[in-house]
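The values are calculated or read from the model by the stated rules, or taken from the named source; none is laboratory data. Just so it is clear, the structure is predicted and the values come from calculations on it, not from any experiment. Positions of Cβ are generated from backbone atoms using ideal geometry, with glycine treated the same way; all protein chains shown enter the neighbour counts.
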Amino acid sequence: MAMTTYRKSTRYTLACIFLFLFTACSGWCISFENEENIHISNLHRIDDDLFAWGSNVTVDGLIEGDLITGGYTVNTNGHTRGSENVFAFKFHHTGRVDGALRGLCNLSEVDGYVGRSVLLYGNDIRIGEKAVIEKDVVIGGAKVHFDGMAKGNAEISGESIYLSGIINGDVLLRGDNINVLAPAVIKGNLTYLSPGEANLKLDSGVIILGETDWRLPDEKDDSETGVSGFTSIVIEASQLLAAFLFGIILLLLFHKYALEAANQLRSRFAVATATGLLSLIIVVVSVLILVLSVIFVLIGLTLARGDAALLGAVVLALSLLMVPITGFITVSGGVLFYSGKVIFALLTGYLLLRIIKPKTTYLSRFQLLLGLIVLWLIFAIPFVGLLIYFLVSIVGAGAIVLGVKYCRKELNHIPPPSAAEPEAGPAPDMS
């Protein structure tokens with residue numbers, strides 16, 4: 001089924017956000033911060049662009065260029081003369097940004113000043129009463145609260161929308177539960193798309209200077225509305241975040257194996273591909289045996305109740321033996337191929353970042369995030385993206401198998417102590 005225009009524009013908008021995040025890093029005048037907790041105090045001044053990645057990022061100082069930041073929690077309380085681009089789980093803006101504000105966050109709260117436009121996607125988005133936005137606003141989220149001021153046009157999509165702020169331009173709302181509440185002021189036209197007109201609630205204190213137009217979603221949107229299209233984007237972004245968190249765990253617990261797997265992928269690509277294909281065959285055969293084992297369990301239970309009780313017991317015993325074995329291989333294969341995508345993303349991010357910083361550290365969290373986003377954009381290509389997804393998973397899985405084999409070989413071949421050099425004994429008593 002073809003995607004609606006809104007879903008397409010949302011996908012392309014997200015792609016532009018991510019491409020901007022990383023092409024912005026291609027400039028040579030840029031400061032890098034990569035720590036667990038990053039704090040740019042109000043005494044600090046960054047004379048160029050700032051890229052900051054960490055679990056908790058707080059910016060209270062002055063940034064002369066753009067801010068490109070990512071983390072679990074991001075707080076921008078200072079002054080950014082350029083634009084801010086944020087990828088985080090929780091984001092709160094109370095400062096001043098002279099350029100545009102773009103973000104992909106689960107929770108976004110804007111209570112500060114934005115000199116240009118705002119582009120936000122996430123789950124819960126809140127534009128507070130103190131927020132001032134000089135130009136247009138584009139927001140997509142499950143729940144959206146807009147209580148601030150926008151001097152341009154506004155386009156808001158979400159399951160539940162609450163609008164009580166001031167918008168100088170035209171307003172377009174898409175959602176199931178739309179509420180325009182006092183003291184909302186809309187100086188332009190209001191257009192809203194929802195299943196029913198009653199979903200728009202106008203309080204007595206609401207002021208709309210232009211025309212109000214209610215439209216039903218078109219026929220395509222009945223099965224695939226703009227909101228459902230956005231929900232699909234949120235799910236894909238959540239999958240991207242899940243892969244990133246999985247990759248961090250992989251690096252923390254199995255750093256040596258991940259490093260060797262990336263090395264094997266880089267130096268022995270053909271061998272990794274062949275190994276991945278062989279692993280895929282093993283997993284497919286295990287799945288088939290698992291299905292047959294479950295069927296034979298049912299057959300064995302049936303035979304055990306009749307005259308062929310002995311045969312049924314034998315079939316049941318063999319089937320019950322094969323179920324956990326093949327089940328373990330199947331689950332392990334699933335984890336292996338999922339991890340293969342992560343290893344491929346690690347190497348992709350490293351090779352791309354190496355173009356910017358030739359002396360970059362091998363296998364970092366930012367390289368993982370960069371590689372995952374690049375792969376995510378490639379996977380979004382119709383038909384071709386799905387094929388590339390399977391190839392990446394297979395080749396990455398093969399590299400992991402080679403990496404584990406190489407590391408285990410090193411552990412099993414630790415050289416014994418030399419005969420010419422006896423093992424160290426207790427120190428002699430010099431007294």
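Taking L62, is it crowded, with 23+ Cβ neighbours inside 10 Å and under 28 Å from S364 (Cβ atoms)? Taking the combined requirement at face value, the residue does not satisfy it. Here the condition is being among the small types (G, A, S) and under 22 Å from V342 (Cβ atoms); of A309, A313, A270, it holds for A270 alone.
Just checking, does the range 324-331 include any residue being more than 30 Å from L241 (Cβ to Cβ), assigned by TED's automatic domain parsing to the domain that holds N263, in a helix (DSSP H, G or I) and within 32 Å of the chain's Cα centre (by Cα)? Yes - at least one qualifying residue is present in the range 324-331. Restricting attention to the range 377-392, the residues being surrounded by fewer than 21 Cβ atoms within 10 Å (Cβ to Cβ) and either outside the structural domain of G333 (by TED's automatic domain parsing) or in a helix (DSSP H, G or I) (or both) number 11. Taking the range 180-190 on its own, how many of its residues are assigned to a loop (DSSP other than H, G, I, E, B) and either modelled with pLDDT of 95 or more or not small (G, A, S) (or both)? The qualifying residues number 4. Using the structure shown, decide if E155 is surrounded by fewer than 24 Cβ atoms within 10 Å (Cβ to Cβ) and over 20 Å from K90 (Cα atoms). Yes; evaluated as a whole, the condition is true for this residue. Has the range 282-291 got at least one residue that is in the same structural domain as I400 (by TED's automatic domain parsing), of a type outside the set (F, W, Y) and outside any helix (DSSP H, G or I)? No; the residues of the range 282-291 include none that is in the same structural domain as I400 (by TED's automatic domain parsing), of a type outside the set (F, W, Y) and outside any helix (DSSP H, G or I). Pairing residues of the range 335-351 that are in the same structural domain as S267 (by TED's automatic domain parsing) and without any contact (Cβ under 8 Å) to a residue 40 or more places away in the chain with residues that are part of a helix (DSSP H, G or I) and among the small types (G, A, S), at Cβ distances under 7 Å and at least 6 apart in sequence or on separate chains, gives T348/G371; G349/G371.
Just one of the listed residues (T69, T94, T13) is β-branched (V, I, T), crowded, with 18+ Cβ neighbours inside 10 Å and either modelled with pLDDT of 85 or more or under 20 Å from L372 (Cβ atoms) (or both), namely T69. Residues in the range 154-168 that are among the small types (G, A, S) and over 16 Å from A131 (Cβ atoms): S157, G158, S160. Can we say V86 is assigned by TED's automatic domain parsing to the domain that holds G140, surrounded by 22 or more Cβ atoms within 10 Å (Cβ to Cβ), more than 18 Å from the chain's Cα centre (by Cα) and of a type in the set (A, V, I, L, M)? The answer is no for V86. Just to be sure, is A313 surrounded by 19 or more Cβ atoms within 10 Å (Cβ to Cβ) and touching a residue at least 12 places away in the same chain (Cβ under 8 Å)? Criteria not met by A313.
Of the strands (runs of 3 or more DSSP E) that lie entirely inside the range 65-179, not one contains 2 or more residues that are of a type in the set (A, V, I, L, M, F, W, C) and at positive phi.
Looking only at the range 119-177, residues that are of a type in the set (D, E, K, R) and in contact (Cβ under 8 Å) with a residue 40 or more places away in the chain come to 4 in all. Take the conditions at pLDDT below 90, aromatic (F, W, Y) and within 15 Å of L250 (Cβ to Cβ) and apply them to Y389. Does it pass? Answer is no for this residue. Any residue at all in the range 356-365 that is in contact with a strand residue (DSSP E or B) (Cβ under 7 Å, 6 or more places away or on another chain) and either assigned to a helix (DSSP H, G or I) or of a type in the set (A, V, I, L, M) (or both)? Taking every residue of the range 356-365 in turn, at least one turns out to be in contact with a strand residue (DSSP E or B) (Cβ under 7 Å, 6 or more places away or on another chain) and either assigned to a helix (DSSP H, G or I) or of a type in the set (A, V, I, L, M) (or both).
Checking the conditions here, which among L252, L278, L245 is at pLDDT 85 or above, part of a helix (DSSP H, G or I) and surrounded by fewer than 17 Cβ atoms within 10 Å (Cβ to Cβ)? Among L252, L278, L245, only L278 is at pLDDT 85 or above, part of a helix (DSSP H, G or I) and surrounded by fewer than 17 Cβ atoms within 10 Å (Cβ to Cβ). Restricting attention to the range 49-60, does a residue exist that is part of a loop (DSSP other than H, G, I, E, B), of a type outside the set (S, T, N, Q) and either over 18 Å from T94 (Cβ atoms) or modelled with pLDDT under 90 (or both)? For the range 49-60, residues part of a loop (DSSP other than H, G, I, E, B), of a type outside the set (S, T, N, Q) and either over 18 Å from T94 (Cβ atoms) or modelled with pLDDT under 90 (or both): present.
The residues of the range 177-195 that are over 22 Å from E129 (Cβ atoms) and either over 34 Å from the mean Cα position of the chain (by Cα) or surrounded by 15 or more Cβ atoms within 10 Å (Cβ to Cβ) (or both), listed by number, are N189, T191, Y192, L193, S194. In the set (1) within 28 Å of the chain's Cα centre (by Cα); (2) closer than 20 Å to S332 by Cβ, the condition left unmet by V284 is number (1).
Every residue, every condition in (1) modelled with pLDDT under 85; (2) among the aliphatic types (A, V, I, L, M); (3) touching a Gly at 6+ places or on another chain (Cβ under 7 Å), yes or no:
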residue	(1), (2), (3)
V297	yes, yes, no
G300	yes, no, yes
A304	yes, yes, yes
L310	yes, yes, no
G334	no, no, no
F337	no, no, no
V342	no, yes, yes
L352	yes, yes, no
I356	yes, yes, no
